[in-house]
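Visitor: To start, I am sharing the structure in question, which I have written as structure tokens.
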Amino acid sequence: MTLVQTLAGKQIVIAVTGSIAAVETIKLIHALRRRGATVQPVMSAAAAGIIHPDALTYASGRETIQRISGMVEHVQYCGDEGTADLLLIAPCTANTLGKIAAGIDDTTVTTFATTAIGSKKPVLIVPAMHHSMYRHSAVVENIARLLVWGLGFAEPRLEEGKAKIADTEEIVLRCERAILPQALKGLRVLITSGPCREPVDDVRVLTTRSSGRMGRALALQAYRLGADVTVVHRDTFPCVNNVHIETAGEMRTAVHDCFSGTGADIYISAAAISDFAPRTIEGKIPSGKKTHIDLEPLPKLLDEVAGKYSAKIIAFKLGRDQVQKARDMIAQGKIAMMLVNEPETMGSGEGEYTLLTQGDAVTLGGTKDEIADAVWKNYCTTIRSL
């Protein structure tokens, strides 16, 4: 599946230090290049003792920089007129963190860092070390200092007594957010995503075929564009605030709690919220027994949000016969944007949607990532300014 080339035309310098997590950089370089980035590797002598420079050269297609030569590579890429869009230090050891915070540049990596910080280029640090080192007071203070300077961090995964390098997907997302125009900066986006599960008995549930892929794509694209994103769902997405629920009732409560708490500027109803809930039968319905299940209608969360809050709403409707109803809801001012699709798109990685706003209808097709990209572009050009 072809990924949206979010980093096309962008150049990222990846600076590798002497952590065992350096072995993960091959995968990271490939992931950045799949998004369209040009990746220039730089490594310290300690890093070269863990992973061979040729491996980074092969992965990136560019010669790995191991020393500063008469070509002043640090200035060429990260100086005032440098060509790099981002300096990514991954992995970053406690030693390198301390040197950067103290303005010391006695390795190739720290010289690149000093140059990038001085020229105000975006810098993203991805720490990796033993957990005891990560808890050291000096390391904590150094991170706090670098945050004040405006550097970005991808927090490590704290597992097995180690502060392990962040997942590749999260690092790429943070790179995208650091580089891309922040069209949604300052906006709070609240999304409901995926299926709900209504209990039938102690072991069975009533649900839908929804996979949550559309909600995920919209959430991650909003994050890339600078939004503060909260997702109410059963899953866990990287880089966003995840509010976990199971049933439609729990989703309804969580959405109202979010509006009452942090609030939201944009509400996206991308979940397949249950329209009915069965009257739960205690215990387990015996196998092979004919059973009657009573279904009770549930409140329409979309109507409640539209009637109570001032957020701009993006919603979905299933079935092409719903286009006129969608137009009516937009005309009434309840909904800013509506996407209408056929049932076969539910659970699929791609599909076709009719996007409706106050203007003309637009047909969108492709992967869910491509659809999400088109939705946010349309929002920024036709709705945000209203």
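The values are calculated or read from the model by the stated rules, or taken from the named source; none is laboratory data. No experiment lies behind these values; they were computed from the predicted model shown. No Cβ is skipped: glycine too gets one built from the backbone with ideal geometry, and neighbour counts run over all protein chains shown.
Visitor: List the pairs whose first member sits in segment 370-382 and is in contact (Cβ under 8 Å) with a residue 24 or more places away in the chain, whose second member is in a helix (DSSP H, G or I) and of a type in the set (S, T, N, Q), and whose Cβ atoms are under 9 Å apart, counting only residues at least 6 apart or on separate chains?
Guide: Qualifying pairs under 9 Å: Ala372/Gln221; Asp373/Gln221; Val375/Gln221; Trp376/Gln221.
Visitor: In segment 249-305, how many residues are of a type in the set (Ser, Thr, Tyr), under 20 Å from Leu206 (Cα atoms) and in a loop (DSSP other than H, G, I, E, B)?
Guide: Number of matching residues: 4.
Visitor: Criterion first (farther than 21 Å from Ala178 by Cβ, out of contact with any strand residue (DSSP E or B) (no Cβ under 8 Å at 6 or more places or on another chain), loosely packed, with under 15 Cβ neighbours inside 10 Å and outside the structural domain of Val375 (by TED's automatic domain parsing)) does Ala45 satisfy it? Break it down stepwise before answering.
Guide: Details: farther than 21 Å from Ala178 by Cβ: yes; out of contact with any strand residue (DSSP E or B) (no Cβ under 8 Å at 6 or more places or on another chain): yes; loosely packed, with under 15 Cβ neighbours inside 10 Å: yes; outside the structural domain of Val375 (by TED's automatic domain parsing): yes.
When the stated conditions are applied, Ala45 passes them.
Visitor: Taking segment 142-171 as the search range and keeping residues that are part of a helix (DSSP H, G or I) and free of Cβ contacts under 8 Å to residues at least 12 places away in the same chain, which one is surrounded by the fewest Cβ atoms within 10 Å (Cβ to Cβ)? Can you show your working first?
Guide: Let us first name the residues in segment 142-171 that are part of a helix (DSSP H, G or I), namely 142-148, 168-171.
Those left that are additionally free of Cβ contacts under 8 Å to residues at least 12 places away in the same chain: 144, 147-148.
Working: Ala144: 10, Leu147: 12, Val148: 8.
My answer is Val148.
Visitor: Right, next: Only one of Arg174, Arg216 is in the same structural domain as Gly150 (by TED's automatic domain parsing), at pLDDT 95 or above and buried (at least 18 other Cβ atoms within 10 Å of the Cβ). Can you tell me which? Lay out the reasoning, then the answer.
Guide: On the way: Arg216 fails: in the same structural domain as Gly150 (by TED's automatic domain parsing).
The match here is Arg174.
Visitor: Let me spell it out: the conditions are (1) part of a loop (DSSP other than H, G, I, E, B); (2) within 24 Å of Thr367 (Cβ to Cβ); (3) at pLDDT 95 or above; (4) not aromatic (Phe, Trp, Tyr), and Glu246 meets all of them except one. Which number is the exception?
Guide: All conditions are met except number (2).
Visitor: Identify, from the list Thr64, Thr83, the residue that is more than 30 Å from Ala372 (Cβ to Cβ), touching a strand residue (DSSP E or B) at 6+ places or on another chain (Cβ under 8 Å) and of a type in the set (S, T, N, Q). Show your work before the answer.
Guide: Details: Thr83 fails: more than 30 Å from Ala372 (Cβ to Cβ).
Checking each option against the conditions leaves just Thr64.
Visitor: Against the condition assigned by TED's automatic domain parsing to the domain that holds Ala116 and more than 15 Å from Val109 (Cβ to Cβ), how does Thr17 come out, does it pass? I'd like the intermediate steps shown before the answer.
Guide: Numbers: assigned by TED's automatic domain parsing to the domain that holds Ala116: yes; more than 15 Å from Val109 (Cβ to Cβ): no.
Considered against the rule, which asks whether it is assigned by TED's automatic domain parsing to the domain that holds Ala116 and more than 15 Å from Val109 (Cβ to Cβ), Thr17 comes out as no.
Visitor: Now for a separate question. Does segment 319-333 contain any residue that is under 19 Å from Ser193 (Cα atoms), in contact with a Leu (Cβ under 9 Å, 6 or more places away or on another chain) and surrounded by fewer than 20 Cβ atoms within 10 Å (Cβ to Cβ)?
Guide: No, that holds for no residue.
Visitor: Any residue in segment 6-20 that is surrounded by fewer than 20 Cβ atoms within 10 Å (Cβ to Cβ) sitting within a Cβ distance under 6 Å of a residue that is of a type in the set (Gly, Ala, Ser) and part of a loop (DSSP other than H, G, I, E, B)? List the pairs, counting only those 6 or more apart or interchain.
Guide: The qualifying pairs are Ala8/Gly36; Gln11/Ala84.
Visitor: Is it the case that Lys120 is among the basic types (Lys, Arg), at pLDDT 95 or above and surrounded by fewer than 19 Cβ atoms within 10 Å (Cβ to Cβ)? Walk me through it before giving the result.
Guide: Working: among the basic types (Lys, Arg): yes; at pLDDT 95 or above: yes; surrounded by fewer than 19 Cβ atoms within 10 Å (Cβ to Cβ): yes.
Yes.
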